[in-house]
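Trainee: One structure coming up, written as structure tokens, with questions to follow.
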Amino acid sequence: MLILFDEVQEWIAHTYVCFAAKHTYVIDTYCGPDSMQEVTELIRELASQQPVVVVNTHFHWDHIWGNCAFPESRIIAHGRCRELMEMHWDKQLKENETFQFGQVIKHLPTEVFQNRWEDPDDHVSLVHTPGHTEDSITFFDHEDGIVFVGDNLEAPLPYIESPDLDAYIATLESYRSLKDVYMISSHAQNTDRDLLLDNLNYLKKLRAGEALYFIDPYAQQIHHTNLAYLKAQACSFH
């Protein structure tokens, strides 16, 4: 079940709730405990006897601040995600405090993995899919054919916050190989094959150093942000 949030004017966000055989999975927890009230009420109504497992697709604040609404639950993420959450928690909270919905309390992942995590009984799995960030993971609901890709797909262009474009492109190529699935992005309203190909082609052109210009001011802004990030990373590397 997909929950859409649109309280922040600039963008929408999704939380995906998967009612599996033995557990209920909450994929990303948005901006605080108040924003998770709808989710917790839904779970009480439909699956009150099942333990809740929270999944964080990556460390960014708008995907993790609602973790504290599930104080007794397992929280699963990539190992690097927990490290980055700990490292950037105070900075993210200070810079984005106006977007808190309820009192945000630090609640880090309780379980981490490196390459793949799965629960065969629930027919779900998590796979490390670096792209938007180095710690990004993808949630697979094999029972319903749902693939939650986090911020690895975005409209109109992906935001790049990891310099490894090869890894990002490999991740999107892996999505291309999936058959008979429905992909969900954290912030894109329509996640289809066209968006996947658009994101993939953009990354390939960016890696090749092509000069790009977008008529859409928002797309052009994202592109300039990506160029500035990659330039800064290159300078710091050298």
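The values are calculated or read from the model by the stated rules, or taken from the named source; none is laboratory data. All of these numbers come straight from a predicted model, not from anything done at the bench. Quick reminder, even Gly has a Cβ in these numbers, built from the backbone with ideal geometry, and neighbours come from all protein chains shown.
Trainee: Could you list, in sequence order, the residues of segment 177-217 that are surrounded by 10 or more Cβ atoms within 10 Å (Cβ to Cβ) and among the aromatic types (Phe, Trp, Tyr)?
Mentor: Tyr182, Tyr202, Phe214
Trainee: Can you tell which of Glu143, Glu118 is more than 15 Å from Trp61 (Cβ to Cβ), among the acidic types (Asp, Glu) and part of a loop (DSSP other than H, G, I, E, B)?
Mentor: Glu143
Trainee: Would you pick out the residues in segment 48-94 that are in contact with a helix residue (DSSP H, G or I) (Cβ under 9 Å, 6 or more places away or on another chain) and of a type in the set (Val, Ile, Thr)?
Mentor: Val52, Val54, Thr57, Ile64, Ile75
Trainee: Now a separate question. If you scan segment 84-134, which residues turn out to be charged (D, E, K, R), surrounded by 15 or more Cβ atoms within 10 Å (Cβ to Cβ) and either over 17 Å from the mean Cα position of the chain (by Cα) or at pLDDT below 95 (or both)? Can you show your working first?
Mentor: Keep residues of segment 84-134 that are charged (D, E, K, R), which gives 86, 90-91, 94-95, 97, 106, 111, 116, 118-119, 121-122, 134.
Imposing the further condition that a residue be surrounded by 15 or more Cβ atoms within 10 Å (Cβ to Cβ) reduces the set to 119, 122, 134.
Passing the criteria: Asp119, Asp122.
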